[in-house]
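Reviewing the structure listed below.
Rule-based calculations on the coordinates, nothing more; no lab input. In this text, all values refer to a predicted model and were calculated from it rather than measured experimentally. Cβ coordinates were reconstructed from backbone atoms using ideal geometry, including for glycine residues, and neighbour counts include every protein chain displayed.
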Amino acid sequence: MDRRVFLGQSALLAASVLTGCRSNQFAKVHKPGDGDMVGSHTAGIETFKPLVEQTTGELLGRHARTVVPASVAPPPPLRICFVAVENKSAEEIGDFKEQIYQIIDVKIVESHVFTPINKRFVDAGLAQTRLRPSELFVPQNMRNFAMVMEQQGQPFDALLYATITSGTTRENKDYQRDYVLTLEMIDVQTGQYDKQAATLSKGYYHSRPAKWLSFTSLKN
C-alpha cells in the first residue's frame, strides 16, 4: 500500500473515531418521583439520603413525648447542641458534609422533639473558645464552651454528633463498601449517651473498556 494513501486513511479513521467519541455535557431537572443518580466511584445522594432519614427518624421517634395527663405540665424539650458531622470514612464527602448537617438540623426543628441550637451560635462558640468538636469532652473545655454559649443566650442540655464511617471488602477489581451513619447524643450533666446508627452497602464494579478498532492485517 502507498505510504501516503495509508497515512491518509489512518488520519480519516482517527478523525471519525474521535468524532464518534465526542460527548456533550447536559443537565436535567429531576422531578418528584424520579430516581436519584448513583455515584459510580464514591457515595452520593443515593447513599446519604436513606442513612440520614433512618438514623434521624429512629432517634427522634425514640425520644418523642409520651401522652401525659392534661393536669401535668410536660417537661421542656432538651436543648440540643448539634456540634459536627465527622467524616471517618475512606472517601472525601465534599459538600455533602454541610448538607447532611443541615438536613438533620431541619428534621430536628420540624419534629419538636428537641430544641436545637442554631448552627451559627455553635460555630461562634467553637471559634471563640478555639476548640475542635472532639475536644469538648475535656471537662475544662466543656465548661468554657458552655459558659460562652450561655453568654450568647444559648444554654444546652446535650451534645449531638453525626459520624460517617465505612468498611471496604475487595474482590479483585470490584469492591463493596459498607457505609454507616451514627448519631450520638451525650447528656452534658450526666455523661449518659444515646446512639442510633444505620448501614447501607454499595457495590462498585470495574468494567473493561470496549475496543473501538481491531486491526488484523493490512494488504496492498
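Amide H contacts of R79: T115, D157, A158, each under 5 Å away and 5 or more positions distant or on a separate chain (H built 1.01 Å from N in the peptide plane; Pro and chain starts excluded).
Note that the stretch 200-207 has calculated 3J(HN,Hα) couplings of 9, 9, 9, x, 10, 10, 9, 10 Hz, one per residue in order, obtained from phi through the Karplus relation 6.51 cos²θ - 1.76 cosθ + 1.60 (θ = phi - 60°); glycine and proline are x. Whole-Hz Karplus values for the stretch 135-150 come out as 8, 6, 8, 6, x, 5, 4, 4, 5, 5, 5, 4, 5, 5, 5, 5 Hz, taken residue by residue from phi with 6.51 cos²θ - 1.76 cosθ + 1.60 and θ = phi - 60°; glycine and proline positions read x. If you take all other residues with their beta carbon under 15 Å from the beta carbon of Q102, and give Lys and Arg +1 and Asp and Glu -1, the sum is -1. Phi-derived couplings, Karplus 6.51 cos²θ - 1.76 cosθ + 1.60 at θ = phi - 60°, listed residue by residue for the stretch 157-163: 9, 8, 9, 10, 10, 10, 10 Hz, with x used for Gly and Pro. Taking the number of Cβ atoms within 10 Å of each Cβ as an exposure proxy, the fewest-first ranking of H63, H112, H206 is H206, H112, H63. The stretch 85-100 and the stretch 144-198 have Cα centres separated by 12 Å.
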